[in-house]
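Worksheet: one structure, shown below.
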Amino acid sequence: MSDETQTPESHGRRKEREGVVVSDKMDKTVVVAVSRVVRHGKYHKHLNRRARYKAHDEKNQCKVGDRVRIIETRPLSRDKRWAVLAILGSKEGAGEATVGAEVPS
């Protein structure tokens, strides 16, 4: 056996994605929409493709509209295989009730 110690990172890189939180209604889980642009094989038109991932949010910090980075993990439930790594940015006013609130002029 070699002198190198095996760490989880040395087995291979885990996938990372960046996307926008579209739902935070579940406990410790958010739904993240990840968009990418692909080109049609025949017509060469640029098409937007979207994938939705359920990601683990341990502290329930993410709100709808937040831009987040998610990382691949072991299966945490039937649908959840991703975890929130970092919150990259927050959308102003996301998650706040706007009914009856005054609009700044």
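None of the figures in this text is laboratory data; all of them are computed from the coordinates on show. Predicted model, so just to flag it, every value in this text is computed and none were measured.
General remarks:
- Note on segment 13-89: Cα-Cα pairs beyond 15 Å make up 54% of the total pair count.
- The HN-Hα couplings worked out from phi for segment 49-56 by the Karplus form 6.51 cos²θ - 1.76 cosθ + 1.60 (θ = phi - 60°) are 10, 10, 10, 10, 10, 8, 10, 7 Hz, whole numbers, x standing for Gly and Pro.
- Amide H contacts for LEU85 (H built 1.01 Å from N in the peptide plane; partners 5 or more residues away or on another chain; cut-off under 5 Å): ARG69, ILE70, ILE71.
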